[in-house]
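Since the structure comes first, as structure tokens, the remarks are kept for the end.
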Amino acid sequence: MDPRDSEWIGVSRLTKNIAEVSAYFHALQWILSFTSYSDPRKDYDLLTNSEYCVRLLAEISMKGRCNKVPIAKVRRVLTHQQGHNSS
């Protein structure tokens, strides 16, 4: 939980939900680190057993009241990547 740590995603206390969002974020970062925008494979399946992540990030059916900073980071990565894939 050190802001100087490269793995820190903007939380001040650890919870189960933030661990799930953090894992999702780091999985996205890992995928992106091994792909390029010219990669012919445009779709990746990111599997999770976290209903919290699915509802927050895939369905966008609920708004995060807590953990707004890391949720926003994940959504930015997803939006950025979707923009590149649609061009």
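Kindly evaluate Arg13 against the criterion of being over 15 Å from His80 (Cα atoms), modelled with pLDDT of 70 or more, charged (D, E, K, R) and not in a helix (DSSP H, G or I).
Numbers: over 15 Å from His80 (Cα atoms): yes; modelled with pLDDT of 70 or more: yes; charged (D, E, K, R): yes; not in a helix (DSSP H, G or I): yes.
Taking the combined requirement at face value, the residue satisfies it.
Of all residues in segment 18-45 being modelled with pLDDT of 85 or more and in contact with a Cys (Cβ under 9 Å, 6 or more places away or on another chain), which is surrounded by the fewest Cβ atoms within 10 Å (Cβ to Cβ)?
Ala23
Which residues, counting only those in segment 46-61, are among the polar types (S, T, N, Q) and modelled with pLDDT under 80? Even if it seems obvious, please write down each step before you answer.
If we filter segment 46-61 for residues that are among the polar types (S, T, N, Q), which is where we start, we get 48-50, 61.
Of everything in segment 46-61, just one residue is among the polar types (S, T, N, Q) and modelled with pLDDT under 80, namely Ser61.
The values are calculated or read from the model by the stated rules, or taken from the named source; none is laboratory data. Just so it is clear, the structure is predicted and the values come from calculations on it, not from any experiment. Reconstructed Cβ throughout: ideal geometry from the backbone, glycine too, with neighbour counts over all protein chains shown.
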